[in-house]
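Working notes for the structure below.
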Amino acid sequence: MATVTVNGQSYSGKNITVNGNTVVVDGVTASVTTRVLKIEIVGDIESLSCESCDSLHIKGNVKQLSTMSGDVDIEGDVISVTTASGDVTCKNINGPVKTISGDITCRNMTGDMHL
């Protein structure tokens with residue numbers, strides 16, 4: 001189970017959704033008082049869906065990552081990445097990658113790339 005820290009508040013879980021001022025971790029909703037600016041995750045997670053944030057840093061592996069806006073730094077591997085606007089940096093991507101506006105930097109990529 002991963003530790004998810006959003007604007008300084010910590011949660012535990014494997015499936016995370018961030019949308020505006022709402023954070024959902026493993027189906028449990030927690031409202032934050034301000035717009036989500038900083039997300040840090042320690043541990044492996046199944047999925048992360050994030051509308052927008054200023055900073056997203058993951059120390060672990062992610063099976064499915066989807067963001068609308070914001071840069072993502074992952075100290076691990078990702079199976080699937082979809083981003084509209086923002087750069088993604090990680091070790092390896094082992095599945096499909098899709099971006100509209102942003103750079104994807106990784107050591108190895110196996111899968112389809114759609115730019």
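Give me the strands (runs of 3 or more DSSP E) completely within the range 4-62, filtered to those with at least 2 residues that are under 19 Å from residue 91 (Cβ atoms), ordered by residue number. If you could, list the steps in order and put the result at the bottom.
On the way: elements: 9-13, 15-19, 22-25, 28-31, 38-42, 45-52, 55-59.
It comes to 38-42, 45-52, 55-59.
How do the pairs read when you match residues in the range 16-34 that are on the phi < 0 side of the Ramachandran plot and at pLDDT below 90 with residues anywhere that are polar (S, T, N, Q) and surrounded by 11 or more Cβ atoms within 10 Å (Cβ to Cβ), using Cβ under 6 Å and keeping only pairs 6 or more apart or on different chains?
Listed pairs, sorted by first residue: 31/21; 31/22; 32/7; 32/21.
The values are calculated or read from the model by the stated rules, or taken from the named source; none is laboratory data. None of these values were measured; they are calculated from a predicted model. Cβ atoms come from the backbone with ideal geometry, glycine included; neighbour counts cover every protein chain shown.
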